[in-house]
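Visitor: One structure is given below, represented as structure tokens, and several questions about it will come after.
The values are calculated or read from the model by the stated rules, or taken from the named source; none is laboratory data. Predicted model only: the values in this text are computed from it and were never measured. FYI the Cβ positions are ideal-geometry reconstructions off the backbone, even for glycines, and counts take in every protein chain you see.
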Amino acid sequence: MSQACFRGGFAFVPFLLFLLMNSTHYTISATGQPGAKARIRTALKLMGFDGVRIEEATDKESLLVAKPKPDNLPTSPLAKLVATLFHRELEKPWSDAEIHAFRAAGRAGMDLAGMAEVASFYERERKKPDHYCRTSILTFLRHFGGELDKARADKPKVGKALEWTPANVVPMTDPAEAERIATAAREAAREFREGMGR
């Protein structure tokens, strides 16, 4: 007697046909999903095997043990920064889709420096009455590249960039000088058009 373990689905049909065509007696053990025995029994009846015995598996070594699901809590400093940006408690687990999007964003280049830029951008933006900041961690992670671009485009200017003034600006107080410059510009434009054949 041999024993085969089954965890669900109908991918077992070719294997099952092979087992049942042999003259050896087999016991099929259904484990893992509720209603698996009924689905197997129905499939076997549809294939013409009425006298098949299906038992619950009792031998613990023969059972396929499902891998324990992780607790999905943010553990890395980057994940904790994302969670605090969206005011989510660090003890609240993330969904599988959020974890998948977080890993994809990490592969696309999300790092602590970029996340710090986005966090400071969000801090400034949330103070404005007409801000548009993402409210879902999932959509934020899926569109992290765009959020980083927005943050970099909106950086406040500091230092010498604010103090710069052109050195050679001459105020136009003399109307005769302004007219002379305008006439010279019109003449240069006319010569350019003639030179281009217009």
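Visitor: Could you look through the range 122-148, keep only residues that are among the acidic types (D, E) and surrounded by 12 or more Cβ atoms within 10 Å (Cβ to Cβ), and pick out the one that is farthest from S95 (Cα to Cα)?
Guide: Keep residues of the range 122-148 that are among the acidic types (D, E), which gives 123, 125, 130, 147.
Right, trim to surrounded by 12 or more Cβ atoms within 10 Å (Cβ to Cβ) and you get 125, 147.
Values: E125: 27, E147: 21 Å.
Once the filter is applied, the top-ranked residue is E125.
Visitor: Looking at (1) closer than 19 Å to S76 by Cβ; (2) in contact with an Asp or Glu (Cβ under 8 Å, 6 or more places away or on another chain), which is the only condition M110 fails?
Guide: Evaluating M110 over (1) closer than 19 Å to S76 by Cβ; (2) in contact with an Asp or Glu (Cβ under 8 Å, 6 or more places away or on another chain) leaves (2) as the failure.
Visitor: With respect to G159, is the statement that it is modelled with pLDDT under 65 and either exposed (fewer than 10 other Cβ atoms within 10 Å of the Cβ) or in contact with an Asp or Glu (Cβ under 6 Å, 6 or more places away or on another chain) (or both) true?
Guide: Values: modelled with pLDDT under 65: yes; either exposed (fewer than 10 other Cβ atoms within 10 Å of the Cβ) or in contact with an Asp or Glu (Cβ under 6 Å, 6 or more places away or on another chain) (or both): yes.
Here the answer is yes, as G159 does meet what is asked.
Visitor: Another question, then. Where in the range 31-108 are there helices (runs of 4 or more DSSP H), lying wholly inside it, with at least 1 residues that are at pLDDT below 90 and among the aliphatic types (A, V, I, L, M)? I'd like the intermediate steps shown before the answer.
Guide: Working: elements: 36-46, 77-85, 96-107.
Correct list: 36-46.
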